[in-house]
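Undergrad: Encoded as structure tokens, here's the structure I'll be asking about.
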Amino acid sequence: MASTADRLSERRNSVIPDIEALPESTLDERGRQRFCSALRRFAIQDMPEMLHKDFDHRVAPARQSEGVPLDDALAIEDAMEGEASYRFYSTLRYNAQEMCFQSVQEPIERALPEMIDLARAAQERNPAGGSLRLDPALPVPDYVSQLDVHLTPGCFHKEWVADDVAQGAVVALGARVFSASMSHRSWGGVAKVISRWLKHERHEFAPTRMLDIGTSSGKNLMPYVQAFPGVEAHGVDVGAPLLRYGHAVAEHEGIPLHLSQQNAEALDFPDGHFDLIVSSFFFHEITVDATRKVLAECRRLLRPGGIMVHQELPATCLVDAWEDFFWNWDTEHNNEPNYTDFRAQDPAVLLEEAGFEPERNFAHLLPDLGAYPDRAEAFGWNEPGRPRHGKGAWYVFGSSLPS
């Protein structure tokens, strides 16, 4: 049997192979992954509805008969935290989340030497024209380094061997298990929604250079390159294994991405460098103080006529008490301690503090392509029948600069 080095040598003049195909799961491992995916789907979709019914029909009437108001998320949490239904829901959801990432670790470990060699070859050759810029001296911020965010073992940044890509694979392939059975979700789906909306709202908008903040493995960045041909696409993240892995994926796909290891609170790009700045599920992972710094950086980096669009969780002020309670579960149970603090902020205030003009700021629900393929316009907050974030729509906020 040919060695890894021999197999890679044979492919030196070919395109970069698919790094995601190297971890091959056994039949038992595939069965475990399917089970984990189905279990998480049940925990995140079906069980919340059951829990809501238990609250409405049993817990709330009992509390209200005692004169206890249940008009905000904290009151609902206080009422539910000791209930068997909520404890069972939390236990199942926590373990399902953790198991999704654990289910891909063994095939990744078996394939890791070959994956590292492939990532090195991608960086040496760059056949798609992308680039990878790493900074081994970059301090990883405490909000990443102090815990396994999302219950992902090893988090985003841990490196176990030289030129490691393991965490990139765990995050990317674990997320496949995590989301495979979820309705209306697909990797890069957020980018497809935002780019479609931008084209509808700004027919003339054709960015020449763009930035994705907290890009992970760049999968939410690649669709923008397809949506805006010729755009120079940059992505930043603090996790080197994510970037190595993502660079290999992009080079295999023939999509030139320029990935660099940086903290988005202080980037090394010059002023006014980008026409378009985006992110996906990024701000709730960092502190509110860091959020303010990142938005100030976005204002510095955005050129006149540029647009900034961040997809995030809906703010507390935009949802009812039960939905607020539902979203805040992750703060206590999913190693996302900044979740509630971020959602408590008014995006309009944060944008103004960063120097964006109030009349140019926006917050929308955008329809998911899988749920509403024929609808191009944004949902307004007061529109009857609008879907919830994560139930056929995505919440975005942002701003633009005058030309």
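Where a number appears in this text, it was derived from the coordinates with a stated rule and is not lab data. All values reported here derive from a predicted model rather than from experimental measurement. Because the Cβ atoms are built from the backbone with ideal geometry, glycine has one as well, and the counts that use them run over all protein chains shown.
Undergrad: Counting each DSSP H run of 4 or more residues in the chain as -39500 (n - 2.57), what helix-only mean residue ellipticity at 222 nm follows after dividing by all residues, to the nearest 500 deg cm²/dmol? Show your work: numbers first, answer last.
TA: Working: 17 runs with 173 residues, N = 403.
Calculated from helices alone, the mean residue ellipticity at 222 nm is -12500 deg cm²/dmol.
Undergrad: Further question on the same structure: In segment 189-400, if the dipole is taken from +1 on Lys/Arg beta carbons and -1 on Asp/Glu beta carbons about the Cα centre, which of 308, 287, 250 is farthest to the positive end?
TA: Going by the charge dipole, the pick is 250.
Undergrad: Okay, moving on. Does a label point 7 Å from the Cα of residue 352, set along Cα-to-beta-carbon, have any residues of segment 307-323 with amide nitrogen under 19 Å, and which are they?
TA: Those under the cut-off are 315-318.
Undergrad: Which part of segment 77-113 falls in the paramagnetic zone of residue 344, meaning amide N under 20 Å from the point 7 Å along Cα-to-beta-carbon?
TA: Within reach of a label on residue 344: 77-81.
Undergrad: Going by average Cβ density within 10 Å per residue, which order do the peptides 148-158, 71-81 take, highest to lowest?
TA: 148-158, 71-81
Undergrad: Follow-up question, since we're still on this one. List the GluC sites (Glu not before Pro) in segment 144-244 that DSSP assigns to loop (not H, G, I, E or B) and whose Cβ has at most 14 other Cβ atoms within 10 Å. Which are they? Before the final figure, lay out the partial values.
TA: On the way: sites: 159, 201, 204, 232; in loops: 159, 204.
Passing sites in segment 144-244 are 204.
Undergrad: Another question, if that's okay. Give the calculated FRET efficiency between residue 163 and residue 334 to the nearest 0.05, with a Förster radius of 25 Å applied to their Cβ-Cβ distance.
TA: Details: r = 30 Å, r/R0 = 1.19.
The formula returns an efficiency of 0.25 here.
Undergrad: Considering amide H positions built from the backbone, and no H for Pro or chain starts, which residues 5 or more places from residue 305, or on another chain, come under 5 Å of its amide H?
TA: Excluding prolines and chain starts, which carry no amide H, the hits are 401, 403.
Undergrad: Provide the gained length on full extension for the span residue 18 to residue 120, in nm with one decimal, where the gain is 0.36 nm per separating residue minus the Cα-Cα distance. Spell out each step's value before the answer.
TA: Working: separation 102, 0.36 × 102 = 36.72 nm, distance 1.32 nm.
In short, 35.4 nm is gained.
Undergrad: List the lysines whose alpha-carbon lies under 22 Å from that of residue 391, not counting same-chain residues fewer than 8 positions away?
TA: 53, 192, 219
Undergrad: By average Cβ neighbour count within 10 Å, what is the ranking of 308-315, 237-244 from highest down? Could you put the intermediate results ahead of the total?
TA: Numbers: 308-315: 23.1, 237-244: 26.6.
Per-residue mean Cβ counts within 10 Å order the peptides as 237-244, 308-315.
Undergrad: Continuing with the same structure: Between residue 268 and residue 62, what is the spin-label point distance in nm, taking each point 7 Å from the Cα along the Cα→C-beta axis?
TA: 5.9
Undergrad: Round to a whole angstrom and tell me the spacing of the C-alpha centers of segment 84-105 and segment 350-370.
TA: 33
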